Amino acid sequence: MSMDTDWQVCVDPRKQKRKQRRIEQDQCPHLVRPEKAQYLERKLNVDNLATALLCERSRELQQQGWIYTRVLRPEDIVKNEEGWEYTIIDDFNKWGDKLLYRREISQD
């Protein structure tokens, strides 16, 4: 057997995923994690909330600095606060609920 054998480091995929999540969390602390999304879906009793919070559009918004704020029911009215701008992800479930995101207006 040759001594020049290349060794491969076997890394547990779960550890890699955990490490990747920690890196993302450090870069973007307001990013909604899968555990938090599932917890919110159960607590608020909103269909497809976890899926909507983890979708590509939601993730892109969060990486751009938008912070998940709340779920808007069709009958809810949003009161805009000064210093914040808002955006919405429409109709993520059959009830017509929306996800509200906000970010601080930069004072340039």
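No value in this document is a laboratory result; all are computed from the given coordinates. Just so you know, these numbers come straight off a predicted model, no measurement behind them. Cβ sites come from the backbone with ideal geometry, for glycine too, and all protein chains shown count toward neighbours.
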How large is ³J(HN,Hα), in whole Hz, for each residue of region 21-37 in order, when computed from phi with the Karplus curve 6.51 cos²θ - 1.76 cosθ + 1.60 and θ = phi - 60°, using x for Gly and Pro? 5, 4, 4, 4, 5, 5, 6, 9, x, 8, 5, 6, 8, x, 5, 5, 4
Of Lys19/Lys43; Lys17/Lys98; Lys36/Lys94; Lys19/Lys94; Lys17/Lys94, which sit over 24 Å apart, Cα to Cα? Lys19/Lys43; Lys17/Lys98; Lys19/Lys94; Lys17/Lys94
Candidates Val78, Val32, Val11: whichever shows maximal mean-square fluctuation once the chain is modelled as a Gaussian network with Cα springs under 10 Å: Val11
Looks like the chain, by Cα gyration tensor root eigenvalues a ≥ b ≥ c and the a/c under 1.5 rounded cutoff (else prolate when a/b is bigger than b/c, oblate otherwise), is prolate
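The chain: which chymotrypsin sites (Phe, Trp or Tyr not before Pro) are DSSP loop and have at most 10 other beta-carbon atoms within 10 angstrom?
Passing both the DSSP loop test and the Cβ count: Trp7.
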Going residue by residue through region 84-96, the Karplus relation 6.51 cos²θ - 1.76 cosθ + 1.60 with θ = phi - 60° gives ³J(HN,Hα) values, rounded to whole Hz and with x marking Gly or Pro, of 10, 10, 10, 9, 9, 9, 7, 5, 8, 9, 6, 8, x
Just tell me the longest site-free run in the chain, where the sites are GluC sites (Glu not before Pro) in a DSSP loop having at most 11 other beta-carbon atoms within 10 Å. 1-74
Within the chain, which is the longest segment that contains none of the trypsin sites (Lys or Arg not before Pro) sitting in a DSSP loop with at most 12 other Cβ atoms within 10 Å? 1-78
Tell me whether region 13-58 comes out rounded, prolate or oblate; compute the Cα gyration tensor, take square roots of the eigenvalues as a ≥ b ≥ c, and use a/c under 1.5 as the rounded threshold. prolate
Calculated from backbone phi, Karplus (6.51, -1.76, 1.60) coupling profile of region 63-73 in Hz, x at Gly/Pro: 6, 7, x, 6, 10, 4, 10, 5, 9, 9, 7
222 nm [θ] for the chain, helices only, -39500 (n - 2.57) per DSSP H run of 4+, per residue, to 500? -11000 deg cm²/dmol
Residues with amide H under 5 Å from that of Arg70, placed H, sequence gap 5 or more: Leu100
